[in-house]
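What follows is a set of notes on a single structure, which appears directly below.
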Amino acid sequence: MSIYEIILNKIKQGRKLIALLIDPDKCGEEFVAQIKHNTEGSEPDIILVGGSIVSTPISETICIIKRYFDQTPLILFPGNISQLSPEADAVLFLSLISGRNPEYIIGQQVMSAPTIKRMSLETIPTGYMLINGGCSTAVQYVSSTTPIPADKSDIAVATAMAGEMLGLKALYLEAGSGAINHVPAEMVKAVRKSVKIPIIVGGGIRTRESALELCKAGADIIVVGTALEEEPDKAKDFIRTIHSCK
Ligand code: 1GP
């Protein structure tokens with residue numbers, strides 16, 4: 001069974017999933033060991049690895065993570081072509097559909113396709129939608145794109161619908177790492193009503209309450225990075241909260 005099918009099966013059972021985002025430049029073995037220790041008995045569903053700019057060799061970080069989390073799907077969340085590794089279980093094959101920069105809609109994808117094929121990596125075609133999170137973020141700067149305004153759910157809905165119609169298998173509503181405001185629950189709700197494919201929500205989710213609110217609004221997968229980098233001992237609480245949401 002593919003990683004996508006495993007995830008989809010869990011979602012079809014009505015479960016809400018949590019993905020921990022590990023940025024190789026910020027999180028070393030000590031952090032991974034701490035998260036493992038803190039989540040004993042209720043582990044994350046997915047580990048995402050990547051970042052806008054990463055200088056640490058991605059394979060080194062993956063080897064460390066796999067030593068501690070050998071049963072957890074490890075999915076690449078690449079900022080660019082340099083962040084690919086055959087050691088991962090799959091890659092979010094992202095197209096920045098909220099932006100109008102062809103480099104991040106199709107350019108990087110063309111450049112990376114032969115490498116991904118050679119690595120036999122499973123791809124999960126994902127519509128990446130940048131939503132204004134109240135501050136300018138690394139992804140906004142690096143991609144030279146304008147995020148969707150947080151109060152324009154109609155634009156988010158139309159973008160999500162177009163992504164689904166193009167055959168994308170998931171949507172990632174992203175406020176940007178460390179965003180002041182996470183994606184509004186009303187926007188998640190509106191997108192949920194309009195598409196059937198899984199919805200991933202991340203960026204600026206700092207509390208269990210926010211995670212729960214977004215799950216109830218219709219998010220299938222919640223991504224948490226910065227909050228756990230800052231306070232790794234919150235990991236179990238986050239996981240239990242999200243898993244308790246029906
Ligand atoms: C960033 O959505 C992820 O791409 C996670 O964001 O670091 O703010 O949790 P945070």
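The values are calculated or read from the model by the stated rules, or taken from the named source; none is laboratory data. Predicted, not measured: the structure shown is a model, and the values here were computed from it. All Cβ positions, even for glycine, are placed from backbone atoms using ideal geometry, and neighbour counts span all protein chains on display. Accessible surface is based on the protein model in full, side chains and every heavy atom, while ligands, DNA and RNA are left aside. Shrake-Rupley method; radii C 1.70, N 1.55, O 1.52, S 1.80 Å.
Identify all residues within the stretch 1-49 that are assigned to a helix (DSSP H, G or I), of a type in the set (V, I, T) and over 17 Å from K234 (Cβ atoms); write none if there are none.
Narrowing the stretch 1-49 to residues assigned to a helix (DSSP H, G or I): 3-12, 29-38.
Now drop any that are not of a type in the set (V, I, T), which leaves 3, 6-7, 11, 32, 35.
Residues satisfying the conditions are I3, I6, I7, I11.
Do we find a residue being part of a helix (DSSP H, G or I), more than 16 Å from the ligand (Cβ to nearest atom) and either touching a Pro at 6+ places or on another chain (Cβ under 7 Å) or among the basic types (K, R) (or both) anywhere in the stretch 64-76? Spell out the reasoning first.
Going through the stretch 64-76, the residues part of a helix (DSSP H, G or I) turn out to be 64-68.
Narrowing further to those that are more than 16 Å from the ligand (Cβ to nearest atom): 64-68.
Now narrow it down to the ones that are either touching a Pro at 6+ places or on another chain (Cβ under 7 Å) or among the basic types (K, R) (or both): 66-67.
Within the stretch 64-76 (the criterion being part of a helix (DSSP H, G or I), more than 16 Å from the ligand (Cβ to nearest atom) and either touching a Pro at 6+ places or on another chain (Cβ under 7 Å) or among the basic types (K, R) (or both)), the answer is yes, since at least one residue qualifies.
Which residue pairs have Cβ atoms under 6 Å apart, sit 6 or more places apart or on different chains, and have a first residue in the stretch 62-74 that is at pLDDT below 95 and a second that is part of a helix (DSSP H, G or I) and among the acidic types (D, E)?
none
Under the condition of being crowded, with 23+ Cβ neighbours inside 10 Å and of a type outside the set (V, I, T), which residue from the stretch 221-237 is nearest to the ligand (Cβ to nearest atom)? It would help to see each step written out before you state the result.
In the first step, residues of the stretch 221-237 are kept if they are crowded, with 23+ Cβ neighbours inside 10 Å; the result is 221-225, 228, 235.
Next, from what is left, pick out any that are of a type outside the set (V, I, T): 225, 228, 235.
Working: G225: 3, L228: 8, A235: 12 Å.
Only one residue tops the list, namely G225.
In the stretch 101-142, which residue that is at pLDDT below 95 and open to solvent by less than 40 Å² (accessible area, probe 1.4 Å) is nearest to V195 (Cα to Cα)?
The selected residue is V139.
Any idea which of (1) within 14 Å of the ligand (Cβ to nearest atom); (2) open to solvent by less than 10 Å² (accessible area, probe 1.4 Å) is the one V91 doesn't satisfy?
The one condition V91 does not meet is (1).
Among the residues of the stretch 26-61, write down those that are within 16 Å of the ligand (Cβ to nearest atom) and open to solvent by 70 Å² or more (accessible area, probe 1.4 Å).
Within the stretch 26-61, K26, I53 qualify.
Which count do you get for residues in the stretch 180-219 that are out of contact with any Cys (no Cβ under 7 Å at 6 or more places or on another chain), within 22 Å of P149 (Cα to Cα) and within 14 Å of the ligand (Cβ to nearest atom)?
So the answer is 16.
Just give me the residues in the stretch 154-174 being hydroxyl-bearing (S, T, Y) and either open to solvent by 30 Å² or more (accessible area, probe 1.4 Å) or closer than 19 Å to F77 by Cα (or both), in sequence order.
Narrowing the stretch 154-174 to residues hydroxyl-bearing (S, T, Y): 159, 172.
Within the stretch 154-174, just Y172 meets the criteria.
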